[in-house]
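Student: This is the structure, below, for whatever I ask next.
Here, each number is a calculation from the coordinates, and none is a lab measurement. Because the structure is a prediction, the values reported are computed rather than measured. Glycine gets a Cβ as well: all are built from the backbone with ideal geometry, and neighbour counts include every protein chain shown.
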Amino acid sequence: MMTMPRFALCTALIGAAASLAGCAPSGSGAPGAAALTPKQAATLDKQLAGKTPGTPVKCLPNYRTSDTIRVSDDILLYRSGRNLVYRNTLKGSCPGLARDSDIMVVRQFGSSTCEGDFFYLVDRSSGIRGPTCVFGEFVPYRKPAGDGG
């Protein structure tokens with residue numbers, strides 16, 4: 001049985017944890033995701049402007065993408081032509097990804113990159129291997145049919 005002081009301490013700790021949860025950063029909306037800087041938010045907005053999110057897919061065939069855009073340490077975009085962009089929110093932050101100076105080495109098995117596959121970063125000048133990062137789902141963003149802009 002809890003004594004009154006111990007109960008009061010537990011109640012205070014629960015209250016403190018709840019108020020700290022309200023201070024969590026906003027941004028990509030993923031739990032634990034860091035807030036985007038204004039520059040990162042502008043990049044994301046520019047690439048997804050006028051496009052509508054579709055049903056997430058588990059794998060992205062490599063021939064479908066023409067460009068990789070590093071938005072932040074936890075968001076990658078894959079362009080597939082002018083009207084289609086895939087957004088991948090990683091399964092955790094990948095420190096240094098947003099710098100765009102390290103080389104991304106993707107470990108894949110087959111001709112597609114899939115949710116759960118991993119990649120790591122390598123420092124371009126020293127060759128030192130950086131963090132290992134894990135892909136999330138690929139969410140397609142398409143321009144609506146008939147929108148030529």
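Student: Can you give me the relative contact order of segment 56-117 as a percent, contacts being Cα pairs under 8 Å and 6 or more apart?
Tutor: Reported relative contact order: 34 percent.
Student: Right, here's the next one. For a label point 7 angstrom out from the Cα of Q47 toward its Cβ, which stretches of segment 79-108 have the backbone nitrogen within less than 13 Å?
Tutor: It comes to 79-81, 84-90, 97-100, nothing else.
Student: Out of segment 73-122, which trypsin sites (Lys or Arg not before Pro) are coil in DSSP terms and have no more than 14 other C-beta atoms within 10 Å?
Tutor: Of the trypsin sites (Lys or Arg not before Pro), the ones in loops of segment 73-122 whose Cβ has at most 14 other Cβ atoms within 10 Å are R82.
Student: Under the Karplus relation 6.51 cos²θ - 1.76 cosθ + 1.60, θ = phi - 60°, what is the ordered set of whole-Hz ³J(HN,Hα) values for segment 95-109, x standing for Gly and Pro?
Tutor: x, x, 4, 5, 4, 6, 9, 7, 8, 8, 10, 8, 9, 10, 10
Student: Now for a separate question. Could you give the nm distance between label points at A145 and D123, where each point is 7 Å from its Cα heading toward the beta carbon?
Tutor: The answer from the label model is 5.2 nm.
Student: log10 I(q)/I(0), Debye, Cα-only segment 37-142, no solvent, q = 0.15 Å⁻¹?
Tutor: Results for segment 37-142 at q = 0.15 Å⁻¹ read -0.60.
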